[in-house]
Amino acid sequence: MARKYLGGSGERLTVWISVAASTVLIFYGYDQGVFGNVIINKVSDTQLKSPHSVLTRFQNFLDTFGNPSADMQGTMTSLYNIGCFFGAMSTLFTGDWLGRPRQILVGSTVIAIGAIIQTASWTVAQMIVGRIVAGLGTGMNTATAGVWQAETSKMRSRGKLVIIQMANCITGFSISNWLTLGFSFAPKDVAWRFPLAFQIFFTGVIWCLCPFLPDSPRLLLRKGKDEEALEVLAALEGHGATPESPSVRAQFDVIKDILDREHVNTYSWWQLITGKGPSGLMRRMVLGAWMQAMNQVSGINVTSYYMSYIFINALGISELLARILAACGSVDYLIFACLAYFVIERYGRRKVMMFSAGACSICWICIAIATGIAEHGGNSYVTGSVAVAFFFLFFASFGMGVLGVPWLYPTEINALEMRTKGASLAMATNWICNYAVVQATLPGVENLGYKYWIVWAVICASFIPITYLFYPETANRTLEDIDRFFETKPSVFIFKNKLATQLQRPQVYIDQDEQIAHHAEKEWAGGDEKAREEVSIEKVA
């Protein structure tokens, strides 16, 4: 009998890994939303004297830090993403060495240290240090959680499990909105110090889970820990499987043979960049990184970080109503992020991404029209209501596709031996784009007005042809199926390649899996060494 982790194997173990990985994303979502909700522009003396003004409490935050300008507020918020960038990049060197669970433990501990610094801050410099430190940990975690989930999931559940992770990211974002709304009625410092300190809670949850869960069997194989990899594969298989079970041995042989064929570590980075490594290696890394960039340059973090600010300053909505609407918007976001669970495997990555991007573009166009009319003398109540409605629709549209697909795709598209590095580069791309968007938003809203929203409409529309032309389907494929596809040296433009675009799993991969299952069973039952040499590189689904 295979070892059990936290009392479970098979589907139960997959659920436990998903819970741990999802907690990382709750952590990230909370961090993403909390700081923007404690930074609100300086309010008028009349508002400050009003006992009904929730901003009276948050004015204490601004007073504490010397009422920083909009640019400085943007810098305080966005430097978190610079920390995330370097944290993600650091996993290029530490991700494989530490392993998935331990890397997440390190990242979560770093976030807790950053949270303590932020909570205890009295100067802008202290707060910036705390933001950067917390970002370092978040970058480590987000570069690791998706890979861990993908490498321990079965083919038909991989997409759904990553979508659950992203839904939990929005859960964290929603928690931050409602918590800061509730604490807006708390006295002075408590109104903003407690929400920042609450980040420490998630570190505690991570420490209760990750020490007791297995590492990725693919990573263990890469590190030469064959016996431990077999044990983990058996545990993930469940249903009484042991390291000697034919199905477990078949998976082991396939992964081992893929590593032997790729032998990426025998190449220098320069050789890989110049195309001398395994077929399509750098192309796959670029596809994963650009998919993550699309997630960020869609404009989502305009709303994630600054929704209350935008409602107050761009739409002229009262402060209490703005906070309530922002909190309700996060619930809307969460609902549709959860609904993506039902479409990600049924319709595939390509269609979901393209339809979601098109809907996001339409929402930005309508927001630009509404705010443009308001700026030129239209009824501010009507136009503000229309803009709010389309912000809500944007959350729904984004949550159904552009949210989850870019987080899932880099964990699937990258070569086995480069998956950690590919995910690290993808997340570094995510965070540097995130930084640019967050840094530009406050000045953009102030200086461009309605034209600022047109920028995001055009960018979202561009995702449709990019996805259609360049991105192969990864739904209903094993991770090794994707290696097989790139071994065929496909054209850069894949839209006419049926093997790349069909939703159902290609029959050729199914046939090859049946062959390897037959050979593996024969080998491990009868010790046929010749059969071992003939085992192909395909994995049992």
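The values are calculated or read from the model by the stated rules, or taken from the named source; none is laboratory data. It should be emphasised that the depicted structure is a prediction, and the values quoted were computed from it without experimental measurement. Heads up, the Cβs are rebuilt from the backbone with ideal geometry, glycines too, and the neighbour counts pull from every protein chain shown. The protein model used for the area step is the full one, side chains on, heavy atoms only, and it has no ligands, DNA or RNA in it. Shrake-Rupley method; radii C 1.70, N 1.55, O 1.52, S 1.80 Å.
Under a point spin-label approximation (7 Å from Cα along Cα-to-Cβ), what is the VAL15-ASP63 distance to one decimal in nm? About 5.0 nm, to one decimal.
Computing FRET efficiency as 1/(1 + (r/R0)^6) for THR123 and ALA186, where r is the C-beta to C-beta distance and R0 is 30 Å, gives about 0.85.
Each Lys or Arg adds one and each Asp or Glu subtracts one; over the other residues with Cβ under 13 Å from the Cβ of VAL405, this totals +2.
Rolling a 1.4 angstrom probe over segment 403-457 with all protein chains present gives an accessible area of which 65% lies on carbon and sulfur atoms. Between LYS154 and VAL382, the contour length at 0.36 nm per residue exceeds the Cα-Cα span by 77.1 nm. Expressed as a fraction of 2.2 N^0.38 Å, the value expected for a compact globular protein of N residues, the C-alpha radius of gyration of segment 338-414 is 1.36.
You can think of it this way: the chain between TRP207 and LYS451 has 83.2 nm of extra reach, that is 0.36 nm per residue less the Cα-Cα gap. Cross-link pairs exceeding 22 Å between alpha carbons, from the set LYS351/LYS496; LYS160/LYS225; LYS351/LYS421; LYS4/LYS225; LYS256/LYS421; LYS225/LYS256: LYS160/LYS225; LYS351/LYS421.
Counting other Cβ atoms within 10 Å, keep those with at most 16, restrict to DSSP loop, and tell me which chymotrypsin sites (Phe, Trp or Tyr not before Pro) in segment 185-220 are left. Passing both the DSSP loop test and the Cβ count: PHE185.
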